[in-house]
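Written below as structure tokens is the structure these notes are about.
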Amino acid sequence: MKVLHILKSPPDEKMRKLFEKISKDTVVSVVELYDENLDWQALVNDMLEHDQIVCWE
């Protein structure tokens, strides 16, 4: 299973631990929305290529 994690802000320690637990045994990609150089077209392509998307505050 391919999972895309979309991060709205940098993760804190609690979020990192949860992230690691739910990412076990999966292929993980991460997109950081707070990145000034975010390629929006690549994000749309990633969303279409992954089986599951998890959005984080």
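Taken together, VAL30, VAL44 contain a single residue that is free of Cβ contacts under 8 Å to residues at least 60 places away in the same chain, part of a helix (DSSP H, G or I), of a type in the set (Val, Ile, Thr) and over 12 Å from MET1 (Cβ atoms), which is VAL44. Among the residues of this structure, VAL30 counts as one that is of a type in the set (Val, Ile, Thr) and surrounded by 13 or more Cβ atoms within 10 Å (Cβ to Cβ).
Among the residues in region 16-28, are any more than 16 Å from VAL54 (Cα to Cα) and hydrophobic (A, V, I, L, M, F, W, C)? Checked against the condition, which is being more than 16 Å from VAL54 (Cα to Cα) and hydrophobic (A, V, I, L, M, F, W, C), region 16-28 yields no hits at all.
Selection of region 11-35 for residues being at pLDDT 85 or above and in contact with a strand residue (DSSP E or B) (Cβ under 8 Å, 6 or more places away or on another chain) yields PRO11, MET15, THR26, VAL27, VAL28, SER29, VAL30, VAL31, GLU32, LEU33, TYR34. Scanning region 1-27 for residues that are surrounded by 10 or more Cβ atoms within 10 Å (Cβ to Cβ) and among the acidic types (Asp, Glu) yields a single hit, GLU20.
The values are calculated or read from the model by the stated rules, or taken from the named source; none is laboratory data. Since this is a predicted model, take the numbers as computed values, not measurements. Positions of Cβ are generated from backbone atoms using ideal geometry, with glycine treated the same way; all protein chains shown enter the neighbour counts.
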